[in-house]
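**Q** Please see the structure below; I have some questions.
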C-alpha cells in the first residue's frame, strides 16, 4: 500500500489498487512520507474507505486513537465470533458512539431498560460481543459501564451485519416485541419469567413473524378450533396482538399464525 496522507505516527491513509484505506499500526508512519510504501508487517488494521475520503479524514482526526483501536478490536472480534463481515459504515458509527460514551461526563443515550431483555434474546450473539466490549472499556479506560450498554453495542453490531436492517429498525423491533409481551402480561395479570426457554421461544417466534422471514405455517380448521377452545386466554392474546400489529404497523397475521402464536403464549405463560 502507498501512503496518501499521514494523520499521525500510527494512522495513515493509503491506497491499494485504487482503493483508499485507513491503516493503523504502531509507528507505521515513522520516518515515512507521502508516496512511500507500507511494510505489511507494520499493518495492524485496515479500514476500507468508500466515497468521500475527506469525510473519513475529518472524522478520524476528531476521534482519539485509543477509541479507534477499541472500535477496531470490537469489530474484529465480532466478525470472528459471528463468522460474518460487518459493514464499512459500522467503523464510523461505533467509533462515534464510543467517543460520546467515553466523554467526561458521558454524553450517550442508552436504550430503555425494558428493551434489554428482548435484545439479549433477539440478538444473543451480538449481546455477547457487547458484554466483551464493556469489559474492554473497563480494562482500558477504567470506566465502569452498566450492563445495558452491552445492549446498545449489540444493536450497532446487528445493524452492521444485516443488509436490510439498521440500528433504528433493530431497536424498533425490540420495542414492538416488548409491547406485545406487555399485552400478554396484562391478559394473564402476571409477569412472564424471562429465564425460561418457553419465553425465549415466544420472543424468537414473534421476531420471525413480524419480520416475515419464515414461511407461513398451515393449520387445519379443526386444529384451530381445538386451540381456540382449549387455550382461550392465550388465543385472545394472540388475536389482540394480531389486531395491534395490524392497526399500528400494518402487519397482518393469517389465522394459522394466530394459532401457532397461541401455543407459544400458553407455554410461556404457564412455564
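**Q** Restricted to the range 154-202, and to residues that are modelled with pLDDT of 85 or more and not in a helix (DSSP H, G or I), which residue is farthest from residue 126 (Cα to Cα)?
**A** My answer is 189.
**Q** Which of the residues that make up the range 21-41 are in contact with a strand residue (DSSP E or B) (Cβ under 7 Å, 6 or more places away or on another chain) and more than 15 Å from residue 8 (Cβ to Cβ)?
**A** 21, 35, 36, 37
**Q** Could you list, in sequence order, all residues of the range 138-147 that are in contact with a helix residue (DSSP H, G or I) (Cβ under 9 Å, 6 or more places away or on another chain) and either surrounded by fewer than 17 Cβ atoms within 10 Å (Cβ to Cβ) or at pLDDT 95 or above (or both)?
**A** Residues satisfying the conditions are 140, 141, 143, 144, 146, 147.
**Q** Please find, among 24, 38, the residue that is over 29 Å from residue 103 (Cα atoms) and surrounded by 15 or more Cβ atoms within 10 Å (Cβ to Cβ).
**A** Only one candidate passes the filter, namely 38.
**Q** Follow-up question, since we're still on this one. I'd like to know if the range 183-196 contains one or more residues that are buried (at least 18 other Cβ atoms within 10 Å of the Cβ), under 20 Å from residue 77 (Cβ atoms) and out of contact with any strand residue (DSSP E or B) (no Cβ under 7 Å at 6 or more places or on another chain).
**A** no
**Q** Given the conditions (1) assigned to a loop (DSSP other than H, G, I, E, B); (2) crowded, with 20+ Cβ neighbours inside 10 Å; (3) within 29 Å of the chain's Cα centre (by Cα), and given that residue 50 satisfies all but one, which numbered condition is not satisfied?
**A** Condition (2) is where residue 50 drops out.
**Q** Next question. Which count do you get for residues in the range 56-89 that are surrounded by 12 or more Cβ atoms within 10 Å (Cβ to Cβ), free of Cβ contacts under 8 Å to residues at least 60 places away in the same chain and assigned to a helix (DSSP H, G or I)?
**A** 14
The values are calculated or read from the model by the stated rules, or taken from the named source; none is laboratory data. As the structure is a computational prediction, the values presented were derived from the model and not from experiment. We place every Cβ from the backbone using ideal geometry, glycine too, and count neighbours over all the protein chains shown.
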